[in-house]
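K.L.:
Sharing a structure, written as structure tokens. Questions coming.
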Ligand code: FDA
């Protein structure tokens, strides 16, 4: 039997594509190498699945923003919320603007999507090769024939979930190129023994700044920063990791500094300490920083008793703390993959490949990655829906001709 559409990879984007393609009346099969569907959705958002964000703009993404905007416009957040409601998943907005299922369970999302999906889904069906035409060969040697293919194999992050980068080889075999990939939204490892590793579990609101070797500010992110036994994690760190790692590709000496008192400058903090010089820096700053950080960075000596150089060193460490980042934690711990199939090779009005007829691509396999906050899923829903609908509608157009 020849299927109308075969979808390779039934993660967030592939499952969405399957739902919409089947709704259009196409005979659809979704093939996934994993034994169970939805591994990545289930681990997302700490098991709660941050489905989307209250406000999604192309500026929340890295990649070709004009093309990204075009895709996002086809499925705005309000339409996404309505779609989830139709599937029986109510979303709630948290203070940060992130949207989660009201059940606080990612399982609700996976179950609802599987229930809504009119396509045949085959698990433990790892695709090894695709011959144009199309004949898909699975790892166990079986073949599947389809008129159209939607490639939705994701990136390389958390490979044990099933997304191990094999999809890039499939895209290449069909004529696509792949831009260099690297981990994004990834925890960062500091030089072993750096003092912050003793503060494991402490988190604070900090401004993280990527500086080039010339000292130029290349990027900044403010938010929760978590000190761990290996280095740094937390939302602001994950967001800034993308920018630090990208900067280091051109400028290996690019580095990270933290302002632990966002809003304060060297001058304003020094003034604050001098205005209350009978007190210690620790007392003056109590309540503005976690106690463990204060103990480390702000001495109990009255400010007036500190030599000028010592006072300035304290201020510098609080405002411009240099963080010796040795490396990132790699794809095993990265939430997304930067790089992939360039959008220039995709017709973003349909998600059709410009290099291989009857092929469509969606989701993280493309050279698009978003900030933390639900943006990556929004890209998966929007690009998946567009690919599924377009593939099915193109079939109808051709059957009329
Ligand atoms: P995804 O990786 O989801 O799916 C790809 C599928 O293809 C997999 O099921 C895989 O098994 C299958 N596959 C791969 N190769 C194959 C082959 N050769 N043959 C057959 N099948 C194959 N985003 C967000 O917006 N909010 C959040 O809360 C989070 N949280 C989060 C936590 C963690 C720990 C991670 C790792 C990631 C997130 N993300 C996130 C990111 C989000 O999960 C990610 O961007 C999307 O799942 C990408 O969707 P895709 O469908 O493109 O790939």
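Readers should treat all values here as calculations from the given coordinates under stated rules, not as data from a laboratory. Everything quoted here is computed from the prediction, not taken from an experiment. Every residue, glycine as well, gets a Cβ built from its backbone with ideal geometry; the counts of neighbours run over all protein chains shown.
K.L.:
For helix 375-400, report the angle its Cα long axis makes with the longest principal axis of the Cα atoms of the chain; keep it between 0 and 90° and round to the nearest 10°.
P.N.:
20
K.L.:
Express the relative contact order of region 1-132 as a whole percentage, based on alpha carbon pairs under 8 Å and six or more residues apart in sequence.
P.N.:
The normalised contact order for region 1-132 reaches 36 percent.
K.L.:
Take every DSSP beta bridge with both residues inside the chain and express the antiparallel ones as a percent of the total, to the nearest 5. Provide the component values of the computation, followed by the final result.
P.N.:
Details: 45 of 63 bridges.
Around 70 percent antiparallel, to the nearest 5.
K.L.:
Mean separation of Cα pairs under 8 Å and 6+ residues apart, divided by the residue count of the chain: what relative contact order is that in percent?
P.N.:
Values: 913 pairs, mean separation 97.5, N = 401.
Relative contact order comes out at 24 percent.
K.L.:
Grab the eigenvalues of the alpha-carbon gyration tensor for region 187-272, scale each by 5, take roots, and send me the semi-axes largest first in whole angstrom. Walk me through the numbers on the way to the answer.
P.N.:
Details: eigenvalues 74, 69, 28 Å².
They are 19, 19, 12 Å, listed from largest to smallest.
K.L.:
Sticking with this one: Taking the chain as the reference, fit the longest principal axis to its C-alpha atoms, fit the long axis of helix 12-23 to the helix C-alpha atoms, and give the angle between the two in degrees, 0 to 90, nearest 10.
P.N.:
Helix 12-23 sits at roughly 30 degrees to that axis.
K.L.:
Let me ask another. Taking neighbour counts of Cβ atoms within 10 Å as a proxy for exposure, in what order, fewest first, do 381, 195, 83 appear? If you can, show how the numbers build up before the last one.
P.N.:
On the way: 381 29, 195 10, 83 17.
Fewest-to-most Cβ neighbours within 10 Å comes out as 195, 83, 381.
K.L.:
Next question. So for region 75-133, considering every pair of alpha-carbon atoms, how many percent are separated by more than 19 Å? Please list the in-between numbers first.
P.N.:
Numbers: 794 of 1711 pairs.
For region 75-133, the share of Cα pairs beyond 19 Å comes to 46 percent.
K.L.:
Related question: Quick one: pull the percentage of alpha-carbon pairs in region 5-109 with a separation above 15 Å. Before the final figure, lay out each step's value.
P.N.:
Values: 3793 of 5460 pairs.
Pairs farther apart than 15 Å: 69 percent.
K.L.:
Can you give the calculated 222 nm mean residue ellipticity of the chain, where each DSSP H run of n ≥ 4 adds -39,500 (n - 2.57) and the sum is split over every residue, rounded to the nearest 500 deg cm²/dmol?
P.N.:
Helix-only estimate at 222 nm: -10000 deg cm²/dmol.
K.L.:
Let me ask you something else. What percentage of all Cα-Cα pairs in region 121-204 are separated by more than 16 Å? Spell out each step's value before the answer.
P.N.:
Values: 2286 of 3486 pairs.
More than 16 Å apart: 66 percent of the Cα pairs in region 121-204.
K.L.:
Quick check: Cα centre of region 46-104 to Cα centre of region 1-23, how many Å?
P.N.:
Between the Cα centre of region 46-104 and that of region 1-23, the gap is 21 Å.
K.L.:
Choose one answer from 264, 95, 207: the residue with the largest mean-square fluctuation in a GNM of the chain with alpha-carbon springs under 10 Å.
P.N.:
95
K.L.:
With only alpha-carbon pairs counted, each pair once and no self-pairs, how large is the Kirkwood hydrodynamic radius of the chain in angstroms? Kindly include the intermediate steps, with their values, before the conclusion.
P.N.:
Working: mean 1/r = 0.0441 Å⁻¹.
With all distinct Cα pairs of the chain included, I get 22.7 Å.
K.L.:
In region 245-401, what percentage of the DSSP-assigned beta bridges are antiparallel, given to the nearest 5? Display every interim value, and only then the final one.
P.N.:
On the way: 7 of 9 bridges.
Restricted to region 245-401, the bridges split so that about 80 percent are antiparallel.
K.L.:
Give me 360, 3 sorted ascending by neighbouring Cβ count inside 10 Å, so fewest comes first. Can you show the working numbers first?
P.N.:
Working: 360 29, 3 22.
Going from least to most buried by this count: 3, 360.
K.L.:
With a 10 Å Cβ neighbour count serving as the proxy for reagent exposure, in which order, fewest first, do 5, 284 appear? Walk me through the intermediate numbers first.
P.N.:
Details: 5 29, 284 18.
Arranged by neighbour count, lowest to highest, 5, 284 become 284, 5.
K.L.:
Report the Cα centroid-to-centroid distance between region 218-251 and region 283-320 in angstrom, as an integer.
P.N.:
24
K.L.:
Relative to the first principal axis of the alpha-carbon coordinates of the chain, what is the inclination of helix 308-319, with its axis defined by its Cα atoms, in degrees from 0 to 90 and to the nearest 10?
P.N.:
That works out to roughly 20 degrees.
K.L.:
Need the full-extension length gain, residue 55 to residue 347, defined as separation in residues times 0.36 nm minus the C-alpha distance. One decimal, nm. If you can, show how the numbers build up before the last one.
P.N.:
Values: separation 292, 0.36 × 292 = 105.12 nm, distance 2.50 nm.
Gain on extension, residue 55 to residue 347, equals 102.6 nm.
K.L.:
Calculate the spin-label point distance for residue 322 paired with residue 286, positioning each point 7 Å from the Cα along the beta-carbon direction, and give it in nanometres.
P.N.:
Taking the simple label geometry, residue 286 and residue 322 are separated by 3.2 nm.
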